[in-house]
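Each remark here refers to the structure printed beneath this line.
The values are calculated or read from the model by the stated rules, or taken from the named source; none is laboratory data. It should be emphasised that the depicted structure is a prediction, and the values quoted were computed from it without experimental measurement. Here the Cβ positions follow ideal geometry from the backbone for every residue, glycine too, while neighbour counts run over all protein chains shown.
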Amino acid sequence: MTKRPCWSKLAVVLVAGALVVSACGGDDGDDDEASGGGGGDDTTAECPDGDSVLMAMPYEANQPAGENWRLGIEMAVSEINEAGGILGCEIELDAQDTQTDPDVSRQVVADQVEDDPFVFLGTVLSSNTIVNMVEAQRAEIPMFVGAEAPAITDRDENGDNDFIYRASFGVDTASDKFVSYIADQGVESIDVIYKNDEFGAGGRDAYVAAFDEAGIDVGLDIQVQPDQTDQSAEVTQLAGGDGDAIFVFMTEIETAAFLDEYQSQGLDKPLYGGDVLSAASTIALVQPGAADGTTTHAGLNASAPVFAEWKEAYAEFHPDADPPDHNSIKGYTIVHVVKETVEQIGEFDNSKFSDTLHCATLTVDDEPGLLLDVSYDGNGDIDRESYIVSVVNGVGEIVETVPPLDNLDERGC
Amino acid sequence: MSTFIQISFSGLATGAIFALAAVGFALLWQTAGAINFAHGEFIALPAVIMLILGEMQPTLGLPDWVPVVGGTAIGGPLPEMGIIVAFVLTIPLAVLVLGWLFKVSLVDRLLTPGGDDIPLVIASLGLALMIREYLRVEFGAAPKQFESVFGNDRWRPGGIPVSADDVGVLVVCVLVILALQLFLRRTSTGRQMEAAAQSPTTARVLGIPVGRMVLYTFAINAVLVTVAALLVAPTTHARWDAGISLSLVAFTAAIIGGFNQVRGALIGGFLVGLLQNWSGYYLSSAYREAIPLLLMILVILWRPQGLFGIAEERRI
């Protein structure tokens, strides 16, 4: 017995299939119409998610650094969306708290990968980033991080990651710029105190290597533990050190505790350090006068005149927030880096994004929201103008502007 | 030698705060059999409340045109209250919330006579988490500066740097603990509280209102944590997660000294402060938290009642 085809059923299937195809095609047509013709246009493009582009923001909501990062990003996203978005696509932000737990942060990023965001904006802390960046790399999604540990952009350590970009200097870049200044101050030997975590130990390693290269002897090499607020024993050790100066590399809580104890013991050696040492967020925590005289290299410092207008806009946008710090500026500028890069490409294309941004220089003339001209090397590290900041009467003052290194050809380009 | 004295003095000042916290732990255990793992958060919360109250500018509700009196326009906002006034206002709040409310809402419900104390332990861990997240969401993740009530003066007697804050903290802690000891030993209410702690059943037979005595203990603990907050916040800053390490260190101090003796918890607090500083200076700060924990393990192994505690037998 032969089986005869049921033509009426077949016809129904064909009609249904045609309707589905036409419906999908109709959507494409609508998008094309809305985007004014698709990629390559100066003002509009085919948006990755309907009429918007999804950006994932894993961040440390329970840390001041993470909160300031979020506030900066939200301000930039709001401004860009009000001005018509990126190539006509509104930015949709998916903010997720990592709870400052590396394992949780990795899971958060892995979950966000499922939604196929165009980029990741975060995380900020090195201990989280070092763990979660693997997920973004695996999904081949560009990830912009506020973290500064050298290993993050070291291709020998990050599995030749083409998708990682910094929002600020890595410690190794900062140390190149800062140590020559310290040497110029006549410092021949220095004692080091650092926080024993990914951020602090990474910073300590980079600076000790730079001191060695500059001929500055490192004497005492002391660690403090995360959240250690009683540092009397460590400061007493430093009081007995032979260094001409002391180098401090810790985050806000530990730095503030150190400065209070340093003042309490009446020590007066020059203090140099990572940008946290003289940051507004640190000065706000210490007893009056405790941060005075500290000097740091600041990749981004809100007291620089170039940020004055932006600071006013920030205060208007976030009237209840604390004054912005370097993490707020990092967050704000990084969204504009994404915008400028996409606009240069003319479409939302991940692979072209990486090719375009590596070894590129983005200028304020093209994208004012960058606030400063910025270059990206072949590893995702940045180069731009930076500042030597010293605290006077509780206020960070810029004592010197450090020009960009301008050595992209030596940095993978 | 001067370095040793300096390190030890600083360790005693820090240890005094640990002692205050540990004494609160011990008090609750003695009288109510309650272990409160939210103890650190009970210290962090009043610090934030004091900061908020201290920055408030109250008004008398008078119109702006009311004339200036003593240099202050009393029709407008008055000067900030300041930390001391905020501290005084926080004490009744703490007694109400961290004392009475904690007792009636959690302890009384979860801790039944002869029952298991694990539910309360778990509930207090949950409470700690809840307070931390509440502080973070309501007051933000950024730590806030909390000025020392003793000022920033420094002296160098015999070449040893000493700060007004260290001296003030040490003196206040010692005075508070002495006052507590005197209250417990020399007053009728204090002795009734101790009797209720040692044997609730016998105390009831003797006509002691055990329930009220236990409530007094929770109230005293609330005052102690508020004092501890005032003293420790200039060092830890007012922040949402300050209680995590405080809980751990107070618990460690109480175990080392003796959970069932106020005197033991007191000495445990000082000992932990000293050990942290000595190990930080003479070994490495990598060991400053490990050494007290190591001592705690040794104490649990060889003298479970604590160095100054009293062995208790429990019939099962």
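The single condition among (1) more than 14 Å from chain A (Cβ to nearest Cβ); (2) assigned to a helix (DSSP H, G or I); (3) over 18 Å from B:VAL23 (Cβ atoms) that B:GLY190 does not meet is (3). Scanning segment A:308-344 for residues that are without any contact (Cβ under 8 Å) to a residue 40 or more places away in the chain, part of a helix (DSSP H, G or I) and surrounded by fewer than 21 Cβ atoms within 10 Å (Cβ to Cβ) gives A:ALA308, A:GLU309, A:LYS311, A:GLU312, A:ALA315, A:GLU316, A:GLN344.
In the set (1) over 30 Å from A:VAL342 (Cβ atoms); (2) touching a Phe, Trp or Tyr at 6+ places or on another chain (Cβ under 8 Å), A:GLU148 fails one condition alone, (1). On inspection, A:ASN132 does not qualify as in a helix (DSSP H, G or I), at pLDDT below 95 and closer than 15 Å to A:GLY66 by Cβ.
Do we find a residue being assigned to a loop (DSSP other than H, G, I, E, B), charged (D, E, K, R), in contact with a helix residue (DSSP H, G or I) (Cβ under 6 Å, 6 or more places away or on another chain) and modelled with pLDDT under 95 anywhere in segment A:46-53?
So far as segment A:46-53 goes, yes, one or more of its residues are assigned to a loop (DSSP other than H, G, I, E, B), charged (D, E, K, R), in contact with a helix residue (DSSP H, G or I) (Cβ under 6 Å, 6 or more places away or on another chain) and modelled with pLDDT under 95.
Any residue that is among the hydroxyl-bearing types (Ser, Thr, Tyr), crowded, with 23+ Cβ neighbours inside 10 Å and under 15 Å from A:ASP377 (Cα atoms) - is there at least one of those in segment A:172-185? Checked segment A:172-185: at least one residue is among the hydroxyl-bearing types (Ser, Thr, Tyr), crowded, with 23+ Cβ neighbours inside 10 Å and under 15 Å from A:ASP377 (Cα atoms).
Which residue, of B:GLY11, B:GLY40, B:GLY70, is at pLDDT below 90 and among the small types (Gly, Ala, Ser)? Explain how you work it out, then say what you get.
Working: B:GLY11 fails: at pLDDT below 90; B:GLY40 fails: at pLDDT below 90.
After ruling out the rest, the residue left standing is B:GLY70.
Which condition does B:GLN305 not pass, out of (1) away from chain A (no Cβ under 14 Å); (2) more than 18 Å from B:GLN30 (Cα to Cα); (3) out of contact with any helix residue (DSSP H, G or I) (no Cβ under 8 Å at 6 or more places or on another chain), if it passes all the others? For B:GLN305, the exception is condition (2). The residue that is farthest from the other protein chains (Cβ to nearest Cβ), counting only those in segment A:228-258 that are hydroxyl-bearing (Ser, Thr, Tyr) and either outside any helix (DSSP H, G or I) or in contact (Cβ under 8 Å) with a residue 40 or more places away in the chain (or both), is A:THR251. From the list B:GLY115, B:GLY126, B:GLY168, the one residue that fits, being within 14 Å of chain A (Cβ to nearest Cβ) and either crowded, with 17+ Cβ neighbours inside 10 Å or over 18 Å from A:SER232 (Cα atoms) (or both), is B:GLY168.
Would you check if there is a residue in segment A:160-180 being in contact with a Cys (Cβ under 7 Å, 6 or more places away or on another chain), not in a helix (DSSP H, G or I) and not basic (Lys, Arg)? Within segment A:160-180, none of the residues are in contact with a Cys (Cβ under 7 Å, 6 or more places away or on another chain), not in a helix (DSSP H, G or I) and not basic (Lys, Arg). Taken over segment B:263-291, the criterion of being surrounded by fewer than 23 Cβ atoms within 10 Å (Cβ to Cβ) and in contact with a Lys or Arg (Cβ under 6 Å, 6 or more places away or on another chain) is satisfied by B:SER279 alone. B:GLY158 satisfies every condition listed in (1) within 9 Å of chain A (Cβ to nearest Cβ); (2) assigned to a helix (DSSP H, G or I); (3) among the small types (Gly, Ala, Ser) except (1). Summed over segment A:55-111, the residues that are within 15 Å of the chain's Cα centre (by Cα) and in a helix (DSSP H, G or I) give a count of 12.
For the structure I just gave you, tell me whether B:ALA233 is within 11 Å of another protein chain (Cβ to nearest Cβ), under 30 Å from B:THR3 (Cβ atoms) and under 13 Å from the mean Cα position of the chain (by Cα). Talk me through it step by step, then tell me what you get.
On the way: within 11 Å of another protein chain (Cβ to nearest Cβ): yes; under 30 Å from B:THR3 (Cβ atoms): yes; under 13 Å from the mean Cα position of the chain (by Cα): yes.
In short, yes.
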